[in-house]
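Contents: one structure, followed by commentary.
Rule-based calculations on the coordinates, nothing more; no lab input. As the structure is a prediction and not an experimental result, all values here were calculated from the model. Heads up, the Cβs are rebuilt from the backbone with ideal geometry, glycines too, and the neighbour counts pull from every protein chain shown.
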Amino acid sequence: MKALQKTALKKSVAPAPFAIRRERASDVAAREQLLDLCFGENRFARTCQRIRDGRLPAEGLAFTAVRHGRLVGTLRLWHVAAGGRASLMLGPLAVDPKLRSLGIGAALMRHAIVVAAALGYESIVLLGDAPYYERFGFSAEAAKDLVLPGPFERERMLGLELRAGALAGATGMILPTGKASGEAALRQAAKPSARRTARVVPLAG
């Protein structure tokens, strides 16, 4: 009987369809191809990119989703000053369009928030669609007095307090504070000779 129960248990527990781990240097080329696919070549002209250009992500807060040995999702967080307060900016979040039904984006979000909180960070800001990010606790109210160094849609500026009151009264510009990086050169080297041109609705810029 016990043997039968063990067999039934093994059959009922399906393996996870993907895994989330910290980003590695070997992920750069595949990550850049995925970002091109999801956001298009004009992604480098986005206002949020000004926050990331020439900077390293916050240590321990760059994540990769892998399925069958292939990179299928990416999410990174960056050091910023949000109205003069130390914070993190999240993005870009991108998932292989063919695998959106697996919940990879949500898993990356939850993982990133848990790790950021465990590392002692007090808040996260992002520019994205409120209906998607509200499920993770983000709100426009938390970031209502924050602005970006370029054009952006007010209703897409969202914030999440990891510590109660962390963004209360935060007013002014969101500015990069992370360490300098050679990422731009790596990104250029990672570009494929023939770019993909497919476009999908972006999750977060």
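What does the charge add up to near Ala106, with Lys and Arg as +1, Asp and Glu as -1, over the other residues with Cβ less than 12 Å from its Cβ?
Local net charge: +3.
Evaluate E = 1/(1 + (r/R0)^6) for Val28 and Gln49, where r is the Cβ-Cβ distance and R0 equals 22 Å; express this FRET efficiency to the nearest 0.05.
Efficiency computed from Cβ-Cβ geometry: 0.85.
Mind checking the alpha-carbon convex hull of segment 22-190 and giving the volume per residue in Å³?
Enclosed volume per residue, from the Cα hull, is 109 Å³.
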